[in-house]
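A.B. asks: Quick one: structure below, then a few questions.
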Amino acid sequence: MGTTVNPVIFDQSPPRKAFSWKSRFSVLCGWITAYLLIRTGWIYSYDDWNALPNFKLKADVLVTKDLCTQAPPLTPHTHAELYKNLSGLYESAAFKLTAVQALGGAVQVPTESYDGMAPVGQDARWEVFGKLHEYLLAEFPLVHSSLKVTKVNTYGIVYHWQGTDKSLKPILLAAHQDVVPVDPLTVKDWVHPPYSGYYDGTYVWGRGSVDDKASLVAILVALETLLASGFVPERSIVVAFGFDEESSGTEGAGRLFDELVSQYGKDSFAFLVDEGAGFGEFYGGLFAIPAIGEKGYLDVKVEVSSPGGHSSVPPRHTSIGILASMLVKYESEPYPAVLNRATPFYQTLTCIGAYAQDISEDLRKLILASIDSDVALTELSNILVQDPLTEAQVGTTQAIDLINGGVKTNALPESAWAIINHRIAVDSSVKATMERSIDLLLPLASKFNLSVTAFGENITDASVPSYGSLTLTDAFDGQLEPAPITPTDSASYRLLSGTILATHKASSAYKNLGREMVIAPGMMTGNTDTKFYWDITRNIYRYGHSDATAAYAGIHTINEAYKASALVEQVRFFTTLILNADEAPEL
Ligand SMILES: [Zn+2]
C-alpha cells in the first residue's frame, strides 16, 4: 500500500525462532509486539481497500494526537550534574569496554534452565547459578558491599539500595539469570561459541547475551556506576533476579514474590520494569512499545475413553477417531478474535494511526474512525485477523500441540488424548476459555454418547449410561489469567515514557539521524517473570531499551549476540530511570 519499512533497521534482522512447546511459559523476549507487526506486513497484505465503507472522520481527530498522548522527554533536574557527568562517561570507549566485559563474563557462565527440573537442592543442574553469583560478586564489588543482598531459594537475588526517605515507595527492576539451553548439535553453526562471551568489536556473542543477561548486566553496571559516583538515593531501589524464567519461573520469581511481599508488602512498589518489548520503526514512525499487558495461558487436555477390545471387530469410532473429530472441530472453529478498544494492542494501533507518517491514508482513517465507530472497529478487526500474527495480538489463540493414543495395532485404544495450548486474550479469562472448549465439544460428546467431566465438574448426568467418556482438564495446572492492564494515565507511565524519550535523545542514533520517537503502549503474547508480580504494583512495564538491530540473530536461537552500543544505551536507560524516579515524589 505504498509504504516502506526502513530497510536499514529491519531488513537485516532474520526471523526469530518461535519458542517450542517445551518452554511453554517462556517469553518471546524482546521486541515481540514490534516484531510481530513488522513481520506480518498486514498493511501490505490487505488489498481490498475499495471494499471499505468511506468513513467520515471528526476533523479534529486527524489534527490532534490526543488519542496517543505523549509525555515530554524527562532528564534529571536535581541530579542534573550527575546525569551530565555520567552521560559523558557513557560516551567513552573505555566505559563501553567495561560494560562489554561485564556482559561477556556473565555469558560465559552457562546458566541453562530446563523444563521439568526438580527443585533447588534436588537437581544438580541449578548449581551453575552459584558460579554466576561468584562472578557477579567479583565484577560488581560496590553493589555487593553497599547494597543489602538477599538470596532467595539459594539462587534468586534481591538487591536493596536503601533510600533516605522511607516514605517513598521503592522502584523494582527485574531480569532473569537463566538462559534457554543450547542444542549441542547446533554449536558448530555458531559464528563464535555459544558460551564464549566473545567481543568482536561490535557484538558480544553467546547464549543469554540478549535474553536476558544484557538487561541484568546493564542494571548492575548502572548501579555500580551510580555507587562509584557517590549517588545517594532518596527513593529505595530494589532489584530482583529470577533464575528459571525460561522454564516455569516457580523456583525463581515465584519465590522472589513471596520474599518481596514479606519484606515490602503488597502494592508496595512505585513501578516495576522487567524484560519485554523495545522500540522499532513502523510505517515511517519510530515507536517504543512498553508492554502494559500479557496474555493469559491454558493448556486444555482433551481425553477420550471408550471400550477396548480386539481390532478385528471394531466399533465404528475408536477413542482416537472420536478425539480426531474433536480436534477437527477445534481447528474448524477457531476462537473468535474481536478487536476491543480497551486492550493494549488497540492503543498500539491508535498510536500508529496517529503518528506513523507512511501509513496508508485508508488505514489511518480506518484506525482513527474505529475510535468511535463500531463499524470501523469491526472492519479493522476483520483485517487484523486475516494474518495469524496480528490475530494473535487481537484474540485468544489455540494450538493443538500434543497428542497420544493407542498401544498396538490389534488392540482398540481405550484412551486417547491431546493438549490444546491457549494464549488468552487480555479481554478474556481462563473461565471463558474453559467454557469455550466445553461448548465446542459438548455436541460431539452427545453424538458419540460420552459422559463429560470438564475441569473437575460433571457436565452430564453421571447416572446415565454412556458409551465412553470425555474429560477436559488443565493439563499441567499451568493456567494463568491475562495480566491486569497497567494504566497509562499515571505518573509512573509518564516517567517511563519521558525516560525512554530522553534516553533516545541522548543516543548517537538520535544525534546522527534526528528521528523523533513516539511511545505506544503494547502487549506481550508470551509471559515474563512479571506473571508472579501482579500484587506488588499496578505499574508493571515490560520493556528493554533496544531495537531489532541490537541483536545479531534474535533470541532462543543460534548466533545470539548483542551489540555493545546497545548495551551502553541500556545502561543509560536504567541510569536515567533511577535518577528520574528519585526526584519524582508523585510516584
Ligand atoms: Zn527473557
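The values are calculated or read from the model by the stated rules, or taken from the named source; none is laboratory data. For clarity, every value in this text was computed on a predicted model and none was experimentally measured. Note: ideal-geometry Cβ built from the backbone for every residue, glycine included; neighbour counts use all protein chains shown.
A.B. asks: Could you tell me whether any residue of the stretch 158-173 is closer than 16 Å to Ser113 by Cβ and at pLDDT 95 or above?
C.D. replies: no
A.B. asks: For the stretch 270-278, state whether one or more residues are surrounded by fewer than 24 Cβ atoms within 10 Å (Cβ to Cβ) and either away from the ligand (no atom under 16 Å from the Cβ) or outside the structural domain of Val518 (by TED's automatic domain parsing) (or both).
C.D. replies: Yes, that holds for at least one residue.
A.B. asks: If we keep just the residues of the stretch 535-552 that are closer than 19 Å to Glu246 by Cα and not aliphatic (A, V, I, L, M), which is surrounded by the fewest Cβ atoms within 10 Å (Cβ to Cβ)?
C.D. replies: Restricting to residues being closer than 19 Å to Glu246 by Cα and not aliphatic (A, V, I, L, M), the top hit is Tyr541.
A.B. asks: Right, another one. Among Tyr283, Tyr335, Tyr355, Tyr330, which is the only one that is among the aromatic types (Phe, Trp, Tyr) and either touching a Leu at 6+ places or on another chain (Cβ under 6 Å) or modelled with pLDDT of 95 or more (or both)?
C.D. replies: Only one candidate passes the filter, namely Tyr330.
A.B. asks: Can I ask one more? Within the stretch 198-221, can you find the residues that are within 16 Å of the ligand (Cβ to nearest atom) and acidic (Asp, Glu)?
C.D. replies: Within the stretch 198-221, Asp211, Asp212 meet the criteria.
A.B. asks: For the stretch 121-157, how many residues meet the condition of being within 14 Å of Phe243 (Cβ to Cβ), surrounded by 20 or more Cβ atoms within 10 Å (Cβ to Cβ) and aliphatic (A, V, I, L, M)?
C.D. replies: Final tally of qualifying residues: 4.
A.B. asks: Please go through the stretch 272-315 and pick out each residue that is assigned to a loop (DSSP other than H, G, I, E, B) and of a type in the set (Val, Ile, Thr).
C.D. replies: Result: Ile289, Val313.
A.B. asks: Still on this model: Let me spell it out: the conditions are (1) at pLDDT below 95; (2) part of a loop (DSSP other than H, G, I, E, B), and Thr549 meets all of them except one. Which number is the exception?
C.D. replies: (2)
A.B. asks: Specify which of the listed residues (Ile555, Ile500) is touching a residue at least 12 places away in the same chain (Cβ under 8 Å) and part of a helix (DSSP H, G or I).
C.D. replies: So the residue among Ile555, Ile500 that is touching a residue at least 12 places away in the same chain (Cβ under 8 Å) and part of a helix (DSSP H, G or I) is Ile500.
A.B. asks: Based on what the data block shows, is Leu579 in a helix (DSSP H, G or I) and touching a helix residue (DSSP H, G or I) at 6+ places or on another chain (Cβ under 8 Å)?
C.D. replies: yes
A.B. asks: Counting only residues that are outside any strand (DSSP E or B) and among the charged types (D, E, K, R), which one in the stretch 415-431 is surrounded by the fewest Cβ atoms within 10 Å (Cβ to Cβ)?
C.D. replies: Lys431
A.B. asks: Next question. Identify, from the list Phe129, Phe95, the residue that is in contact with a helix residue (DSSP H, G or I) (Cβ under 6 Å, 6 or more places away or on another chain) and closer than 18 Å to Leu216 by Cα.
C.D. replies: Testing whether each residue is in contact with a helix residue (DSSP H, G or I) (Cβ under 6 Å, 6 or more places away or on another chain) and closer than 18 Å to Leu216 by Cα leaves just Phe95.
A.B. asks: Answer yes or no: is there a residue in the stretch 180-189 that is touching a strand residue (DSSP E or B) at 6+ places or on another chain (Cβ under 9 Å) and either under 14 Å from Phe241 (Cβ atoms) or more than 16 Å from the ligand (Cβ to nearest atom) (or both). If you could, list the steps in order and put the result at the bottom.
C.D. replies: At the first step, the residues of the stretch 180-189 found to be touching a strand residue (DSSP E or B) at 6+ places or on another chain (Cβ under 9 Å) are 180-182.
With either under 14 Å from Phe241 (Cβ atoms) or more than 16 Å from the ligand (Cβ to nearest atom) (or both) added as a condition, the list becomes none.
For the stretch 180-189, residues touching a strand residue (DSSP E or B) at 6+ places or on another chain (Cβ under 9 Å) and either under 14 Å from Phe241 (Cβ atoms) or more than 16 Å from the ligand (Cβ to nearest atom) (or both): absent.
A.B. asks: Sticking with this one: Name, by its number, the condition in (1) of a type outside the set (Lys, Arg); (2) within 13 Å of the ligand (Cβ to nearest atom); (3) surrounded by fewer than 24 Cβ atoms within 10 Å (Cβ to Cβ) that does not hold for Ile555.
C.D. replies: Going through the list (1) of a type outside the set (Lys, Arg); (2) within 13 Å of the ligand (Cβ to nearest atom); (3) surrounded by fewer than 24 Cβ atoms within 10 Å (Cβ to Cβ), Ile555 breaks only (3).
A.B. asks: Looking only at the stretch 222-267, how many residues end up being in contact with a strand residue (DSSP E or B) (Cβ under 7 Å, 6 or more places away or on another chain), among the acidic types (Asp, Glu) and away from the ligand (no atom under 15 Å from the Cβ)?
C.D. replies: 1
A.B. asks: Let me ask you something else. Go through the stretch 310-322 and give me each residue that's of a type in the set (Gly, Ala, Ser) and over 18 Å from Asn449 (Cα atoms).
C.D. replies: Ser311, Ser312
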